[in-house]
């Protein structure tokens, strides 16, 4: 189990930071990337992604020097949390296609027009993929039980909140008042379960 935890720790260490960096680079400079077009944008970002992954892999030993051992209680808790993340993923995939997931409509809104997602799980929370990511990373952090992964999780939470703000700014520019109204009705991460909210959902449907 120790070797499995180590492999998972390495995979998380080299994959999560580049993925977050991708959106931190795309959202603030979206107008520049749009001028470049999707093909050139993805080429540039893919090179940066690989360089980042290789650099982190080279630093894996010092970064993963502190670990807390195999704790089957944490593994059990992590498995339960991971199951919740998979449920969110299943619900999210009904609405969010792979093309949307990698940001094609953002990079080419005219060539790939997209309607605002407001159905399914998006009728209850605005950012299910980020909630899925936060829940899933927590699950893996508990299972892996390395100091660096716990630190990475905390840093990732901060990065996700920044990415969400940048993404919502872009969505407001793209959808205008429609998105403003959607934000008033639907919370970011935690669904409302009040009777008034259920009534609003029925009225919208």
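The values are calculated or read from the model by the stated rules, or taken from the named source; none is laboratory data. In this text, all values refer to a predicted model and were calculated from it rather than measured experimentally. So basically every Cβ, Gly included, is an ideal-geometry build from the backbone, and we count neighbours across all protein chains shown.
Here are some notes:
- Considering each residue of the stretch 1-13 in turn, none proves to be within 21 Å of residue 162 (Cα to Cα), part of a helix (DSSP H, G or I) and without any contact (Cβ under 8 Å) to a residue 60 or more places away in the chain.
- Criterion (out of contact with any helix residue (DSSP H, G or I) (no Cβ under 7 Å at 6 or more places or on another chain) and modelled with pLDDT of 95 or more) met by exactly one of 46, 83, 98: 83
- Every test in (1) more than 22 Å from the chain's Cα centre (by Cα); (2) not in a loop (DSSP other than H, G, I, E, B) is passed by residue 69 save one, and that test is (2).
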